[in-house]
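Undergrad: First the structure, which I've put down as structure tokens, then a few questions once you've had a look.
The values are calculated or read from the model by the stated rules, or taken from the named source; none is laboratory data. A quick note: this is a predicted structure, and the numbers were derived from the prediction, not measured. Positions of Cβ are backbone-derived with ideal geometry, glycine not excepted, and every protein chain shown enters the neighbour counts.
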Amino acid sequence: MEKLMQILTEACPGVEFDGQTALIDDGILGSLDIVTIVSEIMEEFDVEITVDDLVPENFNSVQAIMALIEARRG
Amino acid sequence: MAFTSLAFLALVGAALAVYSLAPRRLRWGVLLLASLTFYWLGGRWTVGYVFYTAGTVYLSGLALGRLNRLRREAPPEERKAVAARCKKQRRLVVLWACLLNFGLLYFLKYWNFTAEMLQPLLDRLGAGGQLPVSHLLLPLGISFFMFQSVGYVIDVYRDKYPPERNFGKLLLFVSFFPQVVQGPISRYDQLAPQLYQGRDLDWDQLKYGIQLALWGYFKKLVIADRAAVLVETVMGDPWSYGGAVQAAGVFFYCIQLYGDFSGGIDITRGVAQMFGIQMAENFRRPLFSTSLTDFWRRWHITLGAWMRDYLFYPMSLSKPLGRLGKWTRRHIGGTLGKIIPTSLATFSIYFVIGIWHGANWRYIAYGFWNGALITLALLMAPWFAAWKRALRIDDRAAWYKVFQVLRTCFLVFLGRYLTRAPRLLTALWMIKETFLHPQLSDLWNGTMLTLGLTGFDIGVILAGMAVVVAVEWYQERGGQVRLTLERQSFFVQWLAIAVPLAVLFCLGILRGEYISSGFIYQQF
Amino acid sequence: MSSKKWLVTFFATLALLGGGVLAFNFLTDPFGVFPGALWEWPSYEMTLNPRSAKVSYIQEHHQEYDSYIIGCSSTSSYPTEQLNEYFDASFYNMFMYGADMLDVEQIATYLIENYTVKNLVVGVYIDNAITYDTLPDERSFAIQPAVTGEDPVDFYSRFLFMDPRHGLDKLEAMGENTYAAQAFDVFDPDTGAYDKKERDAEFIGGLEDYLAAYPAFAAYPEGYRIMDEGAVAGTLESLARMRDLCGERGINLLVVCAPVYHEYMAYFDWAQVEDFYTRLAQVTPYWDFSLSSVSFDPRYFYDETHFRNCVGEMALARIFGDGGVYVPEDFGAYVTADNVSQHLEEMAAARPMEEGAYTAVVPVLMYHDVAEEGDPSVTVSPERLEEHLAALKGAGYTAVTLEELSAYVEEGAPLPEKPVVITFDDGYLSNYQYAWPLLQKYGMPATIFAIGINVGQTERYKDTVHPITPRFSYEQGAEMVASGLVSVQSHTYDMHQWAAFEEGQARENILRWEGEPEEAYREVLARDCQTLREEFTAGFGEEKVNALAFPSGQWDQLAQVVLLENGFDITFTTQPGDNTLVRGMSQSLLGLDRYTVGEDTTGEALLALVANARG
């Protein structure tokens, strides 16, 4: 979780991630951010995330992202 | 068939009437009939292309659906093997669907351009011969409905939803009449259920639909069509004007484009809403974009989203790019190393967006311009952040927002030189003229009144744009125009009907080319 | 309000607004596309859209016509009165400005299929080889769907949803309408032709003056025209279809190629011209007036591309062999497939005529009272008058009558070597007492412009006590007229009043009073002309009263137009100057200048004046 937060704040400085539940839907994260974050996650967590995973539901909150990582790890 | 024609209004009226009378389960059929009628009236036999696209995506959708089911229903022990086999076939199907559609699109829209480019090369090689040139008409809205349809196939491929089994219904999704000509590029899962549902007409939806369409007509007829006259004059012969007038031409082109495109989309969405159908938003007040990236999130949203979901994501996460990423991280390192693959993908996307607009060097340059700027911004982000810190700039300060908006407007404005000038070199020359030889006095010495518009017309355009900006500003700050209106007294609400109608009549519909009778007949 | 209420309000407002505009456009109908508009004004509507407005006009008036002449604007210049006479028919001029042959065919076909058509004259202009099937403006050049088969919704919505300013313009123009043609009403709806009453009343004479008035001819604009194969083919096909249709229906078809100004003709490549005219001859025989000596004289043209009505008269006279009308030798030929190559050779050889061969310079002298005393600049003693006459005779001048001038211009009759016209203004008794005997002595004819109401007044001005220089009586005048040497013509019946002795506003000249309604003024002037003609015919035995000297030399365009309409086709000013008469151009008899002569003018000086005029 901490590692994820670090990735996030580094990729998107100035964004308040805590408590957000609609990061995508509210347009806080753009596609560039998503791709940056995803490639970082793949690198750091050594998981494979595919295009099919790139849906808003998986990126709307930090928890959702974490859940995605867990699912792909399993 | 133009949205501004009487025939279109008649079609909408008739479709609404039949729709409301038809039994619920047949209503999608009414929409299909209206859609085919619409396309037939506008494009006659080119309606064949719609059938072609619908047919190919229908069949590939079915095939993909079958493969997906196969994979899903395979017994656990065979699942892996089946999945592997299916994967190959699924890819093949999706590849074919893309090839059949984009191949045709390429042939219709881009082949002549390619041939033109290759011919000199061929000649130089002494290969002789003449590359054939296509004389086929470009079917209306082909770029829109093809992208929308291919999106459907890819979604089915990704197993987002099962394929549509009823060809008629899929055909309706491809050809839905308010959108077939100029988008928005809808998603099947968002639009299709609404099309097939057959909701009863509803007073609220009718009202909102009409209001939205009126707003669209205002932007199109009062602002855009008027500005077009001036743009036509300047861009038809930019060599006759100084840099400032050329810039004015581009400025009015920006207005024209926005009014025309967003107005058209509002009409589309308004008409759809009359049937109770909510279409995707395509413009979200692009005038208030704070960066070029932000601009593309607000301008032609559905195209950007399509590119993102079906091109940018797959590309960014593709193996070659992944490998490149690993390599850059290792050898370049830092932010730059991390960002290079993404930048590459970004750049490619804007390049494709450029080409999507048309087969022309100017559009390629336009794509290049957007891609380069955005990529540059991406790569330079750390420096920018450092500068801001050094200059103690507060990101949230109002003046900084204004600065960002103006900066973005300016960059978009420069890009428009590329899309509207008669030729690429002319566009570059015009930009040079604008800055080096503006001849500013042309703006007030009467030259502006020789461009086909009277001072009154120019005033109408600017005032119209002021209204648009004011309304969007209100919305940007969270205001709900319709709700605010509904709270007013009957008289005010009536004014909100009568005034726009009167404006539309006097300044839009009835404009025509008014030639004072003294001018019509000048010479025996 | 509820959404339902909103919708009702919306549609009610829409109907109110839209209906208002629609109704206004329908009722004003500035382009004349709807039948029976509330504010009908055919001349205005034809100006804005000659095609539709004329079709609308014919829909209402087709019983009055049985023959049509159709073509582009140059076709306007073949007078329908003359066509009526030659064909013994009732013609309507359906010409449309900017018409291409498709317009002509569509309208002709429509007329033939819907109404009685006995004769069809089709005007071909060389521009028909450049344009075919064009619509420069979707309102001014549009033709009703009934004629073209266009989608009526599309057509009528263009006029219903049009800017109401077009209709407002029409209402405004109604307030500014004048008897003369203005930019917004250039048609004469009864004949369908352009209203050229003013242009045909311009004073035209010497070439130099004309070039000064029409500088376009002095420095003809540079240019070139390229014939378009599509246009040529289209034009010929349209003509062939019209030929066949007329053949089927037994309609008399006449194809006429309009005179072209030579410098405009030079815009074209001669090989293309030959090709066009040759192929035209293979489709139908035609009368060709395109290039001849007439093409070289700008006076025969209203502007760079439009020939004058008088040229149209000559063309028709040539076609119908009317010997009473002057027609230049080389003007017009009947062209068929057999003689077209020969005709083209002749056409290529067309040259201007020598000035002397069709123009004549005629000085006019103006006398008043003949008396020993009086203002020596205008009054002349009998002795001085005799000196004048003798000097003229001695120098070889021949005094000619106005009839001879007319015959020269209208019929091309010859004039003597050195013609001179002698005139006396006001109708003084002294003209009878002193001038007439002298005229008889020298055998020189003269014209006296008498004021009708003053004839025979020897003591007082009208019923006043104011003394008047005595005027000759009807008996005395009749005596002179009977001699054949004197013609008494008009100095107006009573429009040369003495303001001091009139009750109310005086008519000192033939001009319209300031603020006087045109209608009333035309009435006054017409009545004056009529009364004078009746009195002079009865009182003097004058056969033809058709000349007038402007009182005080004052005139304007409107006055000249009204005079022409009342049969006064020779008019005189008091300006000194030379007059050039042009054969085939009756306008050259208007506004003839005159040298004022009196006691001050010696015989020698007189000869110098007259010689100057020749100069």
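Undergrad: Determine if the range B:456-472 includes at least one residue that is assigned to a loop (DSSP other than H, G, I, E, B), modelled with pLDDT under 90 and more than 8 Å from chain C (Cβ to nearest Cβ). Can you show your working first?
TA: Residues of the range B:456-472 that are assigned to a loop (DSSP other than H, G, I, E, B), as a first pass: none.
No, every residue in the range B:456-472 fails to be assigned to a loop (DSSP other than H, G, I, E, B), modelled with pLDDT under 90 and more than 8 Å from chain C (Cβ to nearest Cβ).
Rundown of residues vs (1) surrounded by fewer than 23 Cβ atoms within 10 Å (Cβ to Cβ); (2) under 27 Å from residue B:213 (Cα atoms); (3) of a type in the set (A, V, I, L, M), yes/no style:
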position: B:265; (1), (2), (3): no, yes, yes
position: B:272; (1), (2), (3): no, yes, yes
position: B:275; (1), (2), (3): no, yes, no
position: B:282; (1), (2), (3): no, yes, no
position: B:288; (1), (2), (3): yes, yes, no
position: B:298; (1), (2), (3): yes, yes, no
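Undergrad: Output yes when any residue across the range C:445-453 is surrounded by fewer than 19 Cβ atoms within 10 Å (Cβ to Cβ) and either farther than 30 Å from residue C:497 by Cα or not polar (S, T, N, Q) (or both), and no when none is.
TA: The first filter runs over the range C:445-453 and keeps only residues surrounded by fewer than 19 Cβ atoms within 10 Å (Cβ to Cβ), leaving none.
No, every residue in the range C:445-453 fails to be surrounded by fewer than 19 Cβ atoms within 10 Å (Cβ to Cβ) and either farther than 30 Å from residue C:497 by Cα or not polar (S, T, N, Q) (or both).
Undergrad: Whether any residue in the range C:512-524 is closer than 21 Å to residue C:589 by Cβ and not hydroxyl-bearing (Ser, Thr, Tyr) is what I want to check. Write out each step before concluding.
TA: Just the residues of the range C:512-524 that are closer than 21 Å to residue C:589 by Cβ, to begin with: none.
Checked against the condition, which is being closer than 21 Å to residue C:589 by Cβ and not hydroxyl-bearing (Ser, Thr, Tyr), the range C:512-524 yields no hits at all.
Undergrad: If you don't mind, there's one more thing I want to ask. I'd like to check something: does the range C:132-143 contain any residue that is away from chain B (no Cβ under 12 Å), surrounded by fewer than 19 Cβ atoms within 10 Å (Cβ to Cβ) and either in contact (Cβ under 8 Å) with a residue 60 or more places away in the chain or part of a helix (DSSP H, G or I) (or both)?
TA: Looking through the range C:132-143, at least one residue is away from chain B (no Cβ under 12 Å), surrounded by fewer than 19 Cβ atoms within 10 Å (Cβ to Cβ) and either in contact (Cβ under 8 Å) with a residue 60 or more places away in the chain or part of a helix (DSSP H, G or I) (or both).
Undergrad: If you don't mind, another one. What number goes with the only condition from (1) within 14 Å of another protein chain (Cβ to nearest Cβ); (2) outside any loop (DSSP other than H, G, I, E, B); (3) of a type in the set (S, T, N, Q) that residue C:128 does not pass?
TA: Failed condition: (1).
Undergrad: Could I ask something else about it? Pull out all pairs, ordered by first then second residue, where Cβ-Cβ is under 8 Å, the residues are six or more apart or on different chains, the first lies in the range B:366-385 and is in contact (Cβ under 8 Å) with a residue 60 or more places away in the chain, and the second is not in a helix (DSSP H, G or I).
TA: From residues that are in contact (Cβ under 8 Å) with a residue 60 or more places away in the chain, the pairs are B:377/B:291.
Undergrad: Continuing with the same structure: If residue C:174 passes every condition in (1) farther than 17 Å from residue C:48 by Cα; (2) under 26 Å from the mean Cα position of the chain (by Cα); (3) loosely packed, with under 15 Cβ neighbours inside 10 Å; (4) not charged (D, E, K, R) but one, which one does it miss?
TA: All conditions are met except number (1).
Undergrad: Could you tell me whether any residue of the range C:293-307 is outside any helix (DSSP H, G or I), surrounded by fewer than 19 Cβ atoms within 10 Å (Cβ to Cβ), of a type in the set (D, E, K, R) and away from chain B (no Cβ under 14 Å)?
TA: Checked against the condition, which is being outside any helix (DSSP H, G or I), surrounded by fewer than 19 Cβ atoms within 10 Å (Cβ to Cβ), of a type in the set (D, E, K, R) and away from chain B (no Cβ under 14 Å), the range C:293-307 yields no hits at all.
Undergrad: Residue A:2 - would you say it is within 13 Å of the chain's Cα centre (by Cα), over 20 Å from residue B:317 (Cα atoms), at pLDDT 80 or above and of a type in the set (Asp, Glu)? Working first, answer last.
TA: Numbers: within 13 Å of the chain's Cα centre (by Cα): yes; over 20 Å from residue B:317 (Cα atoms): yes; at pLDDT 80 or above: yes; of a type in the set (Asp, Glu): yes.
Yes; evaluated as a whole, the condition is true for this residue.
Undergrad: Now, a different point. Out of all the residues in the range B:359-375, is one or more surrounded by fewer than 13 Cβ atoms within 10 Å (Cβ to Cβ) and in a helix (DSSP H, G or I)? Give the steps one after another, and end with the answer.
TA: From the range B:359-375, those surrounded by fewer than 13 Cβ atoms within 10 Å (Cβ to Cβ) are none; that's our starting set.
Within the range B:359-375, not a single residue is surrounded by fewer than 13 Cβ atoms within 10 Å (Cβ to Cβ) and in a helix (DSSP H, G or I).
Undergrad: Given the condition touching a Gly at 6+ places or on another chain (Cβ under 7 Å), under 27 Å from residue C:155 (Cα atoms) and free of Cβ contacts under 8 Å to residues at least 60 places away in the same chain, answer yes or no: does some residue in the range B:1-15 qualify?
TA: Here is the first cut: in the range B:1-15, the residues touching a Gly at 6+ places or on another chain (Cβ under 7 Å) are B:1, B:3.
If we keep only those that are under 27 Å from residue C:155 (Cα atoms) as well, we get B:1, B:3.
Of the ones still in play, those that are also free of Cβ contacts under 8 Å to residues at least 60 places away in the same chain are B:1.
Taking every residue of the range B:1-15 in turn, at least one turns out to be touching a Gly at 6+ places or on another chain (Cβ under 7 Å), under 27 Å from residue C:155 (Cα atoms) and free of Cβ contacts under 8 Å to residues at least 60 places away in the same chain.
Undergrad: May I pose another question? Could you tell me whether residue B:174 is within 14 Å of chain A (Cβ to nearest Cβ) and in contact (Cβ under 8 Å) with a residue 40 or more places away in the chain? Spell out how you get there, then give the answer.
TA: Details: within 14 Å of chain A (Cβ to nearest Cβ): no; in contact (Cβ under 8 Å) with a residue 40 or more places away in the chain: yes.
The answer is no for residue B:174.
Undergrad: So, in the range B:185-207, how many residues would count as being within 14 Å of another protein chain (Cβ to nearest Cβ), in a helix (DSSP H, G or I) and surrounded by fewer than 19 Cβ atoms within 10 Å (Cβ to Cβ)?
TA: At the first step, the residues of the range B:185-207 found to be within 14 Å of another protein chain (Cβ to nearest Cβ) are B:187, B:189-190, B:200-207.
Narrowing the set further to residues that are in a helix (DSSP H, G or I) leaves B:189-190, B:203-207.
Next, from what is left, pick out any that are surrounded by fewer than 19 Cβ atoms within 10 Å (Cβ to Cβ): B:189-190, B:203-204.
Residues flagged as within 14 Å of another protein chain (Cβ to nearest Cβ), in a helix (DSSP H, G or I) and surrounded by fewer than 19 Cβ atoms within 10 Å (Cβ to Cβ) within the range B:185-207 amount to 4.
Undergrad: For the range C:320-355, name all the residues that are β-branched (Val, Ile, Thr) and under 24 Å from residue C:410 (Cβ atoms).
TA: Here is the first cut: in the range C:320-355, the ones β-branched (Val, Ile, Thr) are C:325, C:327, C:335-336, C:340.
Across the range C:320-355, the qualifying residues are C:325, C:327.
Undergrad: Are there helices (runs of 4 or more DSSP H) fully within the range C:1-92 with at least 2 residues that are within 14 Å of chain B (Cβ to nearest Cβ) and either touching a strand residue (DSSP E or B) at 6+ places or on another chain (Cβ under 9 Å) or at pLDDT 90 or above (or both)? List them.
TA: In the range C:1-92, C:3-28, C:42-48, C:50-61 are the helices (runs of 4 or more DSSP H) which contain 2 or more residues that are within 14 Å of chain B (Cβ to nearest Cβ) and either touching a strand residue (DSSP E or B) at 6+ places or on another chain (Cβ under 9 Å) or at pLDDT 90 or above (or both).
Undergrad: Give me the residue from the range A:44-56 that is assigned to a helix (DSSP H, G or I), free of Cβ contacts under 8 Å to residues at least 40 places away in the same chain and more than 7 Å from chain B (Cβ to nearest Cβ) and, out of that set, surrounded by the most Cβ atoms within 10 Å (Cβ to Cβ). Break it down into steps so the answer makes sense when it comes.
TA: Going residue by residue through the range A:44-56, those that are assigned to a helix (DSSP H, G or I) are A:44-45, A:51-53, A:56.
Imposing the further condition that a residue be free of Cβ contacts under 8 Å to residues at least 40 places away in the same chain reduces the set to A:51-53, A:56.
Checking the rest, the ones that are also more than 7 Å from chain B (Cβ to nearest Cβ) come to A:53, A:56.
Values: A:53: 17, A:56: 13.
It comes out as A:53.
Undergrad: So residue C:113 clears everything in (1) surrounded by fewer than 21 Cβ atoms within 10 Å (Cβ to Cβ); (2) in a helix (DSSP H, G or I); (3) touching a helix residue (DSSP H, G or I) at 6+ places or on another chain (Cβ under 8 Å) except one condition, right? Which one?
TA: Only one criterion is unmet by residue C:113, namely (3).
Undergrad: Checking the structure you have, find out if any residue of the range B:27-34 is within 33 Å of the chain's Cα centre (by Cα) and at pLDDT below 85. If you could, list the steps in order and put the result at the bottom.
TA: Pass one, the range B:27-34, residues within 33 Å of the chain's Cα centre (by Cα): B:27-34.
So of that shortlist, the ones also at pLDDT below 85 come out as none.
No.
Undergrad: Let me ask another. When you scan the range A:21-39, do you find a residue that is more than 11 Å from chain B (Cβ to nearest Cβ) and over 20 Å from residue B:305 (Cβ atoms), even just one?
TA: yes
Undergrad: Out of C:311, C:273, C:256, I need the residue that is under 20 Å from residue C:80 (Cα atoms) and part of a helix (DSSP H, G or I). Which one?
TA: Values: C:273 fails: under 20 Å from residue C:80 (Cα atoms); C:256 fails: part of a helix (DSSP H, G or I).
Result: C:311 is the single residue among C:311, C:273, C:256 that is under 20 Å from residue C:80 (Cα atoms) and part of a helix (DSSP H, G or I).
Undergrad: What about residue B:221, is it buried (at least 23 other Cβ atoms within 10 Å of the Cβ), among the aliphatic types (A, V, I, L, M) and within 14 Å of chain C (Cβ to nearest Cβ)?
TA: Working: buried (at least 23 other Cβ atoms within 10 Å of the Cβ): yes; among the aliphatic types (A, V, I, L, M): yes; within 14 Å of chain C (Cβ to nearest Cβ): yes.
Criteria met by residue B:221.
Undergrad: Within the range C:363-420, count every residue that is of a type outside the set (S, T, N, Q), more than 18 Å from residue C:471 (Cα to Cα) and not in a loop (DSSP other than H, G, I, E, B).
TA: 26
Undergrad: Further question: Taking residue A:14 as meeting all but one of (1) more than 12 Å from the chain's Cα centre (by Cα); (2) in a helix (DSSP H, G or I); (3) over 23 Å from residue B:156 (Cα atoms); (4) at the interface with chain B (Cβ under 10 Å from one of its Cβ atoms), write down the number of the exception.
TA: (2)
Undergrad: Residue check: is residue C:120 touching a helix residue (DSSP H, G or I) at 6+ places or on another chain (Cβ under 9 Å), more than 9 Å from chain B (Cβ to nearest Cβ) and among the aliphatic types (A, V, I, L, M)? Spell out the reasoning first.
TA: On the way: touching a helix residue (DSSP H, G or I) at 6+ places or on another chain (Cβ under 9 Å): yes; more than 9 Å from chain B (Cβ to nearest Cβ): yes; among the aliphatic types (A, V, I, L, M): yes.
So residue C:120 passes the test.
Undergrad: So residue B:168 fits all but one of (1) within 18 Å of the chain's Cα centre (by Cα); (2) surrounded by fewer than 24 Cβ atoms within 10 Å (Cβ to Cβ); what number is the exception?
TA: Going through the list (1) within 18 Å of the chain's Cα centre (by Cα); (2) surrounded by fewer than 24 Cβ atoms within 10 Å (Cβ to Cβ), residue B:168 breaks only (1).
Undergrad: Next up: Run residue B:318 past the list (1) of a type in the set (Ser, Thr, Tyr); (2) over 28 Å from residue B:34 (Cβ atoms); (3) at pLDDT 90 or above and report the number of the one that doesn't hold.
TA: It fails just one condition, (3).
Undergrad: When you go through B:259, B:304, B:270, B:263 one by one, which is the residue that is part of a helix (DSSP H, G or I), away from chain C (no Cβ under 14 Å), touching a helix residue (DSSP H, G or I) at 6+ places or on another chain (Cβ under 7 Å) and over 30 Å from residue B:451 (Cα atoms)?
TA: On the way: B:259 fails: over 30 Å from residue B:451 (Cα atoms); B:270 fails: away from chain C (no Cβ under 14 Å); B:263 fails: over 30 Å from residue B:451 (Cα atoms).
The conditions single out B:304.
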